[in-house]
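Scroll down for the structure; my scribbles are underneath it.
The values are calculated or read from the model by the stated rules, or taken from the named source; none is laboratory data. Please read these numbers as outputs of a predicted model, since none were measured by experiment. Note that each Cβ is placed from the backbone with ideal geometry, even for glycine, and that neighbours are counted across all protein chains shown.
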Amino acid sequence: MDDMSQEQRRPRPAPEPRAANVNSLLSIAVAILAVLLGFFILRDLRNDTSIATPEGTTSEETSTETTLEIIPVETTVAQVVLTAFKVQIANASGVSGSAGLLTTEMQGRGYIVQPAINKSEVTPKQTVTVVYYLLGSEVAAAQVAKDLGGVATAPMPTPIPTETASLGEASVLILLGTDLAGKPLSIISGGVTAPAVVVTTTTTA
């Protein structure tokens, strides 16, 4: 009896917490597995996105590019302002009144034309009309020559081939020849353009 009572009185060792440790390990393993699964899923989603759209663009950009339309834009070239310069017509044709007639015709077209004058005494009679211009008035002279059916243009000779040896306020001179003398401007500008004429001018001191 004494021996049995002594054994019963001895304290029994506490059970080891094996179940708790197993539960903790399982929780950690589940957490790690969840993290790994999430990583792989995200990686797959990124790969799918990069394959579906070109590199450097998004799906929104791609759809926008496919719906864009190219609309041609019409461009216009600015016309020469006819009132921005003045024209002088000198009669070198020998046909009386022809410079005055062309002056009226050019004014009706919108040009600012000074009163008609004659060529200088030393300038010979001209068979071909030429448009002379001062430096900087090349474009204006080209417009005048076009309206005259495409006559030749050339820099202003020295001395100026007018009876006054000057142009007044004009920067463009029409030295009227017999080819256009007495002809209406509607016929001149609407007629067949003559072949280009090479004009050689000489200058004196």
Self-check item: Only listed residue being loosely packed, with under 14 Cβ neighbours inside 10 Å and over 10 Å from Val87 (Cβ atoms), chosen from Gly108, Gly177
Solution: Gly108
Practice problem: Considering (1) loosely packed, with under 15 Cβ neighbours inside 10 Å; (2) under 34 Å from the mean Cα position of the chain (by Cα); (3) at pLDDT below 95, say which one Glu138 fails and leave the rest. | Solution: (3)
Quiz item: Gly100 passes all but one of (1) in contact (Cβ under 8 Å) with a residue 24 or more places away in the chain; (2) within 24 Å of Pro184 (Cβ to Cβ); which number fails?
Solution: (1)
Quiz item: Pick from Thr158, Thr153, Thr164, Thr129: which is more than 21 Å from Val81 (Cβ to Cβ) and either crowded, with 16+ Cβ neighbours inside 10 Å or in contact with a Lys or Arg (Cβ under 6 Å, 6 or more places away or on another chain) (or both)?
Solution: Thr129
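Can you list the helices (runs of 4 or more DSSP H) found entirely within the range 5-122 that contain at least 2 residues being among the basic types (Lys, Arg) and modelled with pLDDT of 95 or more?
Of the helices (runs of 4 or more DSSP H) lying wholly inside the range 5-122, none has at least 2 residues that are among the basic types (Lys, Arg) and modelled with pLDDT of 95 or more.
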Quiz item: Give me the pairs: first residue in the range 135-159 and over 20 Å from Gly108 (Cβ atoms), second residue assigned to a helix (DSSP H, G or I) and at pLDDT 95 or above, beta-carbon distance under 9 Å, and six or more apart or on different chains, which are they?
Solution: Ala152/Ala145; Thr153/Glu138; Thr153/Ala141; Thr153/Ala142; Thr153/Val144; Thr153/Ala145; Ala154/Ala141; Pro155/Glu138
